[in-house]
Structure formats: structure tokens, C-alpha cells
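Derivation of every value follows stated rules applied to the coordinates shown; laboratory data play no part. It should be emphasised that the depicted structure is a prediction, and the values quoted were computed from it without experimental measurement.
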């Protein structure tokens, strides 16, 4: 797999989450990140992580699913998510999620 292929795969999946989950995408993205970074299966309601029989890992976030070949690809996805969402603006994904939630709540207050 060429160096750009995983990036393209990750970007397409994340873009689909944003397209389908709209203002709640940040919740699905963060839950998916927790599965990608931890490598444990489970279901948070926002996302689901599952170890595959072939050694891969599958993450469903919102209505979108990504299949990762192995732990190396899963860890690469987690690092990609940190670069995309945190950049040099947030120290970690938890801080990013917290800020997204604050903006969401502020937007709700503006509607009332």
C-alpha cells in the first residue's frame, strides 16, 4: 500500500462521518478515535470497535464503517485523526472533543 493510500482511505471515511452525522459528527469521530487508539472492542453508542478473526480491526462510527488490516493500520488511523483534528491547536483528542462540545452547546443556546 502506498503512503498516500491509508491517508486517502482514512480521509474518505472521516469525511463520510461528517457528511452523515452532521453536527453530531464530533461525537462519532471521538468515539472512533478511542477504539482506534486503544485497540479494544466495544460499543459506546456513538461508535463500535471490533477485533476481526483475520487479525484486523473494524470501527463503525455513525453509519460508516472502516476495516483496518492490522494493529499497525489501526494505530496509523489514530495518529492520522490526531493530526487532522488536533494539529497544533489542541494537545489531544479529548481537548478537541471538549471544544467541539462547547461550541455545540453554545450554538444550542443561540437558538433558545
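In whole Å, what are the Cα extents of the stretch 23-112 along the three principal axes, biggest one first?
The Cα atoms of the stretch 23-112 stretch 50, 28, 16 Å along the principal axes, largest first.
In degrees, nearest 10, range 0 to 90: what is the angle between the Cα axis of helix 93-111 and the longest Cα principal axis of the chain?
Taking Cα atoms only, the helix is inclined about 40 degrees.
Does anyone have the angle between helix 4-21 and the longest principal axis of the chain? Alpha-carbon axes, 0 to 90°, nearest 10?
The angle comes out near 40 degrees.
Once you sort the root eigenvalues of the Cα gyration tensor of the stretch 45-91 as a ≥ b ≥ c, which label holds: rounded (a/c under 1.5), prolate (a/b larger than b/c) or oblate (the other case)? Please report the intermediate quantities before stating the final value.
Details: a/c = 3.17, a/b = 1.55, b/c = 2.04.
In terms of gyration-tensor shape, oblate.
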